[in-house]
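Throughout, read-outs are computed from the coordinates displayed, never taken from laboratory work. Predicted model only: the values in this text are computed from it and were never measured. In this analysis, Cβ positions are derived from the backbone assuming ideal geometry, glycine residues included, and neighbour counts consider all displayed protein chains.
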Amino acid sequence: MIREMSVGEVAARSGAAVSALHFYETKGLIGSWRTAGNQRRYPPGTLRRVGIIQFGQSLGIPLAEIKEALDTLPKDRAPLKQDWERLSQQWAGKLDDRIARLKKLRAALTDCIGCGCLSTELCPLRNPADRLARKGSGPRRLLGD
Ligand code: FES
């Protein structure tokens with residue numbers, strides 16, 4: 001028998017705050033319907049979805065990416081073990097990318113420790129995306145770069 005749950009039940013069983021569940025709902029991560037008395041009711045698969053959301057957040061995955069992942073799951077059933085395996089493999093790759101980026105930043109920060117110049121020309125962290133600066137000083141776009 002499929003049993004729907006109130007927001008209080010979902011909160012108690014998932015450990016998420018009621019306000020967090022409402023927020024997830026406004027962001028489209030979970031869904032509910034209303035009773036004749038205008039109370040929210042959630043399908044049973046909501047607990048697994050909330051578990052995936054909480055897990056993703058603990059990994060630092062942005063909510064928008066968690067939503068993208070949840071959008072790939074069937075709406076008519078709870079996420080299965082295979083679904084979670086697929087999502088967790090994708091997130092492992094994202095985590096590896098983030099770790100690699102953080103390691104690069106950490107290495108750059110090592111050069112800055114004890115420096116303090118905050119130079120837009122020399123410091124690798126101050127303005128790392130300033131590709132035009134590599135072409136020289138001055139208004140690079142007005143100069144035709
Ligand atoms: S603060 Fe000087 S190189 Fe970053």
Practice problem: Hey, can you tell me all the residues within the stretch 88-145 that are over 30 Å from Ala64 (Cβ atoms) and of a type in the set (S, T, N, Q)? | Solution: Thr110, Ser119, Thr120, Ser137
Quiz item: What are the residue pairs meeting all of these: first residue in the stretch 62-77, first residue within 12 Å of Gly28 (Cα to Cα), second residue of a type in the set (Lys, Arg) and surrounded by 15 or more Cβ atoms within 10 Å (Cβ to Cβ), Cβ atoms under 7 Å, and 6 or more apart or on different chains?
Solution: Leu70/Arg49
Quiz item: What tally of residues in the stretch 68-90 results from selecting those that are surrounded by 14 or more Cβ atoms within 10 Å (Cβ to Cβ) and closer than 16 Å to Val50 by Cα?
Solution: 9
Self-check item: Long-range neighbours under 7 Å by Cβ, at least six apart or interchain, first residue under 13 Å from Gly56 (Cβ atoms) within the stretch 85-101, second of a type in the set (A, V, I, L, M)
Solution: Leu87/Ile52; Leu87/Ala69; Gln90/Ala69; Trp91/Leu59; Trp91/Ile61; Lys94/Ile61; Leu95/Leu59
Quiz item: Going by the conditions given, is Arg131 farther than 21 Å from Thr26 by Cβ, surrounded by 12 or more Cβ atoms within 10 Å (Cβ to Cβ) and among the basic types (Lys, Arg)?
Solution: no
Exercise. Tell me, please, whether a residue that is of a type outside the set (D, E, K, R), within 16 Å of the ligand (Cβ to nearest atom) and in a helix (DSSP H, G or I) can be found in the stretch 121-143.
Key: yes
